[in-house]
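The values are calculated or read from the model by the stated rules, or taken from the named source; none is laboratory data. Keep in mind that this is a model prediction, so the values were computed, not measured. Every residue, glycine as well, gets a Cβ built from its backbone with ideal geometry; the counts of neighbours run over all protein chains shown. Just so you know, the surface numbers come from the protein's heavy atoms only, side chains and all, with ligands and any DNA or RNA stripped out. Shrake-Rupley method; radii C 1.70, N 1.55, O 1.52, S 1.80 Å.
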Amino acid sequence: VCFIPGGLDCSICFVSHVLGKVCVHGRQKEILSVLVPRLTDLTKSDCIWQRICWRLVECVPDRWMEAVVLGFVQTAPGADVLSRLLGNLVVKNKKAQFVVTQKVLLLQYGHTTAVLQNLLGYLSLDSLRRALLIKVLQELLETWGSSSAVKHSPPEQQQYISKAILICLSHLKEPEIESCRQELLTSMMEGVKCHLDSNLPQIRRLGMIVAESISSKINTEGPVLKFQYKEDDEARELKSFLVQTPPFCVVPSLPDDDRNEKADAVLPLVLESNNKSHTGALVMPDEELDAELDSDDDLMPYDMSEDKELKIKAPVYIRDCIEVLTGSEDVDKWEATIKALESLVRKNPAATREVSVELAKVLLHLEEKTCIEGFVELRQRAQVAVLTTDPIPVAKYLTSQFYSLNYSLRQRVDILDVLVLAAQELSYPKSRGKTTCSGAQNPCIQLLPGSDSSKGWRRIVDERIKSKTRRFATGQSQVELASGPNEFSSVAGYFFFPLIQHFDRPLTTFDLLGEDHFVLGRLVHTLATLMYLAVNTAAVTAMGKALLEFVWALRFHTDPYVRQGLLSCISSTLLSVPTECLLDDMTEELLESQSWLGDLVEKDPDGDCRRLALQNLLLMENLKKKLKTVPS
Amino acid sequence: MALPPPDPQFVLRGTSAAVHTLHFSCGGQEPDVPVLFSGSENGFVHVWNLKTHRVDTALDGHGRKSVYCVETMGGKNRLLSQGRDQRICLWDLAEGRASVTDSVFTENVGFCRCSLLKVAQGRWLMAMAAKALDEVQVLELPSKTSVCTLKPEVGAKLGMPMCLKLWQLNCGSQPLLLAGYEDGSVVLWNLSMGKALSQLVCHQEPVMSLDFDSEKAKGISGSSEKVLSIWSLNEQQNLQVYKTHKLVNAGISDITIRPDKKILATAGWDHRIRIFGWKKLKPLAVLDYHTATVHCVSFSDHKNLSERLLAAGSKDHRISIWSIYTQT
């Protein structure tokens, strides 16, 4: 498409119409991929062409404006180009303004980072448009900080909004930040609170990164907010948005070189002088040594091979361990005891059984006295060892403590983790006694604290679905070769039912259905794992029934982490309970669950929940098919 | 083929408390009995007869508060003991007496051992930590008059003095004081002017103990870390680090150089006594007998070289006596 250059008075309206019509039909890419580069070149230095371009877009009728503007924003190679092409369109045209400030940022979230950069850079490049930039920032912060948005919008959208906020912040200049400092501060505080409340780690991290960035912008001197989170590529990418590389700066080469040369010249001088002083110092001791007569060579050294680093011995008896852990002031001994405890417990099962509940109590309340590496893991492994050595009394103790007063959240979550790890160990008797590196043996279940078990569950369910069909064809058993009886069978009930019992009874310091929904989420995931591990045990049907009722009671919970847990519960019930029992004893519960799952697949805002719900439905279908084909 | 380290010649038991300080007095002529003084945590100073290996007398002068320094003033009949009851007691032990003749109230609640130096017949200088946290006071004994108070300059932040050593190059010359402080530095003080001549940062942790060889103008200090620091004094009275020696286990409570300046002994928190050659700090032996931290080491002052002994007192209530490198 060629344009006639030079002082002709041409009417662009027709071209605008054509452009608009083409764009609205979805052909933005084709036409703009040709048009935009051409226009970029032409408008680089030529004012007339710039004005022609602006007229072009201004004349596009409103009903096609959105498509055109969106197309331009997406294809323009940079914010400055976009600025040249669109001019002050956003200020002049209401529709364009709506698209740019509201629709792209708040109502959609599928655009790439480049688009965001273009758009926000475009807004920042002209003084007329900067007012819009600030307005956009305020609206973004409002959305970012609203707790209902954090709870109900998908994580992808939240990430999109966070990116937009960071880019906006990078464009703001000092006086503008000054003027809206107070608002920034208030929205940051509110936003941080909602984000940290969430159960999903990525939301928490997004909140932390954005809050840090805002705080660094508004407090240029003085203490800045600093959070601790995992620094990976995503975090670094987000933080890189905060710094804008100005596209207009041409790095002055000559002055820089001069400066560099001077710096280089200084360095060698410094190094030389250092070297000289070193050599000077080296010369003297040599001379001294030569001058001295070695007259104490006649002192023969004794054998010093026994001189090694001091190691404190740990106690050898379990009761001694309890004594050291509860009373001893000797910190070296305490450390040595902690390190040796797990192996001691495993080597002396009979002695452990005598004091199991007491030892479990001591371990549950054990605080870190000195700084040992891996203290949390050492304590957890010792607890698991105690629990597997004497399951019934210790499980009774731990589950009763889970619902007791005055425990911290960490301790309650500890109890859940320990129960799951012990259940895993009990149900796979071959791995008993060997160093169970939690998580390494069974690749499906990640049980170390802090990890997201929902990912593991997806894998389990997928694998199980595949294996189920395979299993059906070959008729082989899924469970690994157990050389002994399933030890979990007799104790599964003691692990499972007490945990389910009191979930709806709030205590003064612990309200599962209220504030402590994080623990509720962990509890639900724990129940799912216990259910999964209870396959082939006698109590599995009763457990399944109770679990499905539990899921039904909580099915409308607002926290996506809890919902994911509930879906895992359903998966493990479907997988563990023998299908005949499922259909005989739990028909109503199954039907109710099925309708709930169907609902979730369509309407749940969280992507993970939808996926899990779909997989559950597939599982149910598979089971039905399997039953139909089995000759009765 | 190196020999295995020797066993203690004998072990003194009976203090029933951790031993914090030791001092030999064996220079007397026959029929004088060689004697070892020990101060314990239960406030007693035990006088051990080195022939019978039994306690001759137990001196109770510090109200059952730990005694952390004992020194003799010219012979075994005059004893000085320092305790946690904030007192320094002077004892008269001649002819079987056991009485406190004088005491100095230090008003200091720290653990810094005092240092004695004989400047003239019947006159001693004693340096001790004073009432103010970072000050050192020097008294003349037996008159108890204050010679000077050594105050670090404002802002120096040296912390408490941890260990002191008074010395003079030869009789009649200026007495000087070396003090190791809590921040890991060693300071050389001039007593007549009351000023610091030189300061050297030897350690990252508090200096637990130091000793100085005035002939070679070389000193050694130990700390709670794994490093022994050897420093020297040059002609301009400036301290410089000469070398450092890395230990296997951290923590030194006491260092002492033998009077003939051939070897030195260190008392370690790892229950071991280490012997080094003084000239080049060559490790000579590791004596592993005690079962708890060794608090103090001391060499004897026997006139007969082959009878020389090394004593070590430990938290395990025992005093081990060793005979090592006595041939040279």
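Things worth noting here:
- Of all residues in segment B:290-310 being assigned to a loop (DSSP other than H, G, I, E, B) and in contact with a strand residue (DSSP E or B) (Cβ under 6 Å, 6 or more places away or on another chain), the one that is farthest from the other protein chains (Cβ to nearest Cβ): B:301
- The condition of being closer than 25 Å to residue A:234 by Cα and in contact with a Cys (Cβ under 9 Å, 6 or more places away or on another chain) holds for only one of A:120, A:105, that being A:120.
- Every pair of residues 6+ apart whose Cβ atoms lie under 7 Å, when the first sits in segment A:79-91 and is basic (Lys, Arg) while the second is open to solvent by 10 Å² or more (accessible area, probe 1.4 Å): A:84/A:50
- The C-beta contact set for segment A:305-317 (first residue more than 10 Å from every other protein chain (Cβ to nearest Cβ), second residue of a type in the set (Asp, Glu) and surrounded by 11 or more Cβ atoms within 10 Å (Cβ to Cβ), distance under 8 angstrom, 6+ apart or interchain) comprises A:312/A:332; A:312/A:335; A:315/A:323.
- Meets criteria (more than 19 Å from residue A:120 (Cα to Cα) and not hydrophobic (A, V, I, L, M, F, W, C)) for residue A:75: no
- Criterion (under 22 Å from residue B:311 (Cβ atoms) and in a strand (DSSP E or B)) met by exactly one of B:104, B:70, B:119: B:70
- Candidates A:154, A:201, A:175 - the one that is surrounded by 14 or more Cβ atoms within 10 Å (Cβ to Cβ) and under 24 Å from residue A:101 (Cα atoms): A:154
- When the test is whether a residue is within 11 Å of chain A (Cβ to nearest Cβ), touching a residue at least 40 places away in the same chain (Cβ under 8 Å) and either under 20 Å from the mean Cα position of the chain (by Cα) or over 26 Å from residue B:41 (Cβ atoms) (or both), residue B:287 passes it.
- Counted residues, segment A:577-632 - those being assigned to a loop (DSSP other than H, G, I, E, B) and open to solvent by 40 Å² or more (accessible area, probe 1.4 Å): 5
- Check on residue A:425, modelled with pLDDT under 90 and open to solvent by 60 Å² or more (accessible area, probe 1.4 Å): no
- Of the numbered criteria (1) modelled with pLDDT under 85; (2) in a helix (DSSP H, G or I); (3) closer than 29 Å to residue A:488 by Cα, the one residue A:535 fails is (2).
- Residue B:127 being out of contact with any Gly (no Cβ under 9 Å at 6 or more places or on another chain) and in a strand (DSSP E or B): yes
- Whichever residue in segment B:294-323 is closer than 19 Å to residue B:72 by Cα and of a type in the set (D, E, K, R) and, among such residues, is surrounded by the fewest Cβ atoms within 10 Å (Cβ to Cβ): B:303
- Scanning segment B:201-212 for residues that are surrounded by 20 or more Cβ atoms within 10 Å (Cβ to Cβ) and hydrophobic (A, V, I, L, M, F, W, C) returns B:202, B:207, B:208, B:210, B:212.
- Checked against the criteria, residue A:358 counts as in contact with a helix residue (DSSP H, G or I) (Cβ under 8 Å, 6 or more places away or on another chain) and among the acidic types (Asp, Glu).
- Residue check for residue B:101: β-branched (Val, Ile, Thr) and loosely packed, with under 15 Cβ neighbours inside 10 Å: yes
- Condition check for residue B:326: open to solvent by 40 Å² or more (accessible area, probe 1.4 Å), within 14 Å of chain A (Cβ to nearest Cβ) and over 14 Å from residue B:254 (Cβ atoms): no
- Residue count, segment B:148-163 (criterion: open to solvent by 20 Å² or more (accessible area, probe 1.4 Å), under 21 Å from the mean Cα position of the chain (by Cα) and aliphatic (A, V, I, L, M)): 2
- Inside segment A:53-76, residues that are out of contact with any Gly (no Cβ under 6 Å at 6 or more places or on another chain), part of a helix (DSSP H, G or I) and open to solvent by less than 40 Å² (accessible area, probe 1.4 Å) make up a count of 10.
- Matching strands (runs of 3 or more DSSP E) fully within segment B:1-60 where at least 3 residues are more than 14 Å from chain A (Cβ to nearest Cβ) and open to solvent by 30 Å² or more (accessible area, probe 1.4 Å): B:54-60
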